[in-house]
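Worksheet for the structure shown next.
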Amino acid sequence: MLTNRTFLVYVALMTAVVVASNFLVQYPLPGSIASMQLGDLLTWGAFSYPIAFLVTDLTNRQFGPQTARKVVIAGFAVAILLSVLIATPRIAVASGSAFLLGQFLDISVFNRLRAQSWWRAPLIGSLFGSFLDTAIFFSFAFASFFVFFGPNDPFALENAPILGVMTAEAPRWISWALGDLGVKILVGLTMLLPYGALMNVIKPMPALKASARA
C-alpha cells in the first residue's frame, strides 16, 4: 500500500532533480576538447535531468502508472514554483511542458513493456521520453519562434559549428539539444545499474504482479 511518506519521498526526489536541472541548463560546459568547445555542445543540466526517468520508473514499477503520474504532477508543480525563482520564466515554461509530456510518455511505454525483460521497460521508456523531452524543451527555451514565452538568448541563437566540430553551422541551441540527447541516452543506459540493483528492494505491489502475468 502506498504511504504518504513513500509518496513524499518520490515527490521530493523528483522535485530536486527538476529544480537542479532547470538551474544547471543555463550554464554551458566550460573548456574544450581538441578544437571542440564544450559550451557549443552541452549544458550541465544534461547530466542531472535523466535521473528523473529513474525516479519515475521506480515509482511505476512499485505502484503502477496511476501513482507514477501523481508523482510526476506533484513534482512538476513544486518544481515549477521553485524554478521560477532560480531560472527564467521561459526556462520554467519549457521545462514544465517537456517534463510533463516526456515523463507521461515514459510511463506509458514502461507500463506496456512491464512484463518483458527487466531492462526493456526502463530503457525504452526513458529513450522515448528523452527524445520528446529534448525536442520540446530546447525548442521552447531557445528557438526564436517561441519568443512569446520570454526573451531570446542571444548566445543560444548565435551560429556555431554543429556539435562544435562540423563545418556546417546552426544556432548553438541545436547542438545543445543534440548533445543533451546523447548524454541522456548514455545516462539512461547507466541508470539501468541502480534500477537493476534496486529491483530486489523496490518490488511491484501484488496487484501489479497479477496484472503483469495476465
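The values are calculated or read from the model by the stated rules, or taken from the named source; none is laboratory data. Note that the structure is predicted; figures quoted are calculated from it, not measured. Quick reminder, even Gly has a Cβ in these numbers, built from the backbone with ideal geometry, and neighbours come from all protein chains shown. Surface areas here come from the heavy atoms of the whole protein model, side chains and all, with no ligands, DNA or RNA. Shrake-Rupley method; radii C 1.70, N 1.55, O 1.52, S 1.80 Å.
Observations on the model:
- When SER32 is tested against (1) of a type in the set (Gly, Ala, Ser); (2) open to solvent by 20 Å² or more (accessible area, probe 1.4 Å); (3) under 19 Å from ALA135 (Cβ atoms), exactly one condition is not met: (3).
- Within the range 30-60, tally of residues that are touching a Pro at 6+ places or on another chain (Cβ under 6 Å) and not in a strand (DSSP E or B): 2
- Hey, SER95 open to solvent by less than 70 Å² (accessible area, probe 1.4 Å), closer than 12 Å to ALA52 by Cβ, in contact with a Phe, Trp or Tyr (Cβ under 7 Å, 6 or more places away or on another chain) and at pLDDT below 85 or not: yes
- Residues that are part of a loop (DSSP other than H, G, I, E, B) and of a type outside the set (A, V, I, L, M), drawn from the range 13-27: GLN26, TYR27
- Helices (runs of 4 or more DSSP H) (entirely within the range 131-201) containing at least 1 residues that are more than 23 Å from THR59 (Cα to Cα): 154-157, 172-190
- Residue pairs meeting the criteria (Cβ under 9 Å; at least 6 apart or on separate chains; first under 17 Å from SER130 (Cα atoms), in the range 78-99; second charged (D, E, K, R) and crowded, with 20+ Cβ neighbours inside 10 Å): ALA98/ASP133; PHE99/ASP133
- Reported count of residues in the range 122-145, each being farther than 19 Å from LEU29 by Cβ and either of a type in the set (A, V, I, L, M) or open to solvent by 40 Å² or more (accessible area, probe 1.4 Å) (or both), is 12.
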